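The structure appears below as C-alpha cells.
The values are calculated or read from the model by the stated rules, or taken from the named source; none is laboratory data. Since this is a predicted model, take the numbers as computed values, not measurements. No Cβ is skipped: glycine too gets one built from the backbone with ideal geometry, and neighbour counts run over all protein chains shown. SASA here: full protein model, heavy atoms, side chains in, ligands and nucleic acids out. Shrake-Rupley method; radii C 1.70, N 1.55, O 1.52, S 1.80 Å.
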There are 2 protein chains.
Amino acid sequence: MYLAKVYISLKPTVNDPQGLTIKGALHNLGFSDVISVRAGKYIEVKINQDDEDKARGQADQMCRKLLANPVIENYSLTLNLIQGSN
Amino acid sequence: MYLAKVYISLKPTVNDPQGLTIKGALHNLGFSDVISVRAGKYIEVKINQDDEDKARGQADQMCRKLLANPVIENYSLTLNLIQGSN
C-alpha cells in the first residue's frame, strides 16, 4: 500500500488573491520579513497497490484528471510505502 | 532568503468531507484502488531572513498564529535557502 502526497500550487504567472490576503494578514501580525505567499493544496491519497510504479502512475493520472488543473496549476507528488489497512 | 513550505492537514480523528468527496470522484473515474483521501493546504512563504534558525522560528510562529488551526490541524514545514528577490 502506498501513500501518495500530492502538492498542488498555482503557476508563478497566475494571480493568487488567497496568498496575497495571507501575506497581508502576516504583515498585520508583525511578520514584516514576509516577501510573498502562495497558497496551494496538499492531498494525501492512500492507494491499495503494492507495485510502486503502478501506484505512481495512478497517482499521476489522478492529478491530471481531477486533483490539479493543468492550465493554471503545477503539481508534484511523493510516494511512501505504508503498512496496514483503513 | 528562505522559502518555507508549509503542509497543513486535518488531524486523523477530524472528519474530512472534502477528502471524502474527492475519494468518491476518483472512484467514479475508475481509480478503484483508492482507499482514502485527506485534503489539506500547502502554503509557500518567502521570508527575507538569512539566519535559518530565525526563519524557521518565524515560519513556526506563522503556522501557530494564522496558517494552521492547532485544534483540528497538524502542520509541518521545510525550509529551503533561495537566492534573489521578488
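Pairing chains A and B buries close to 2800 square angstrom of accessible surface in total, based on protein heavy atoms and a 1.4 angstrom probe.
Using only alpha carbon positions, build the gyration tensor of the protein assembly as shown, then give the equivalent ellipsoid semi-axes as the square roots of 5 times its eigenvalues, largest first, whole angstrom.
Details: eigenvalues 186, 57, 45 Å².
Taking √(5λ) for each Cα gyration eigenvalue gives 30, 17, 15 Å.
Inter-copy label distances at B:Q18, using a point 7 Å along Cα-to-Cβ, come to 0.6 nm with the shortest given first.
The residues of chain A expose on average 54 square angstrom of accessible surface per residue, using a 1.4 Å probe on protein heavy atoms.
Taking chain B as the reference, fit the longest principal axis to its C-alpha atoms, fit the long axis of helix B:17-28 to the helix C-alpha atoms, and give the angle between the two in degrees, 0 to 90, nearest 10. Once rounded, one gets 50 degrees. The portion of the accessible surface of region A:2-53 made up by carbon and sulfur, rounded to a whole percent, is 46 (1.4 Å probe; DNA, RNA and ligands excluded). Near the amide H of B:Q49, within less than 5 Å, lie the amide hydrogens of B:Y2, all on another chain or at least 5 residues away, with H placed in the peptide plane. For region A:2-81, the Stokes-Einstein estimate of translational diffusion at 4 °C and a viscosity of 1.567 mPa s comes to 91 µm²/s, using the Kirkwood hydrodynamic radius over alpha-carbon pairs.
Please compute the average number of Cβ atoms from other chains found within 10 Å of each residue's Cβ in peptide B:26-33.
Rounded to a whole number, the mean comes out at 5.
The C-alpha atoms of chain A define a longest principal axis, and helix A:52-62 lies at about 50 degrees to it. Backbone amide hydrogens, once placed in the peptide plane, bring A:E73 within less than 5 Å of A:K11, excluding anything fewer than 5 places away on its chain. Note on chain B: lysine pairs with Cα distance below 18 Å, sequence gap of 8 or more or different chains, count 12.
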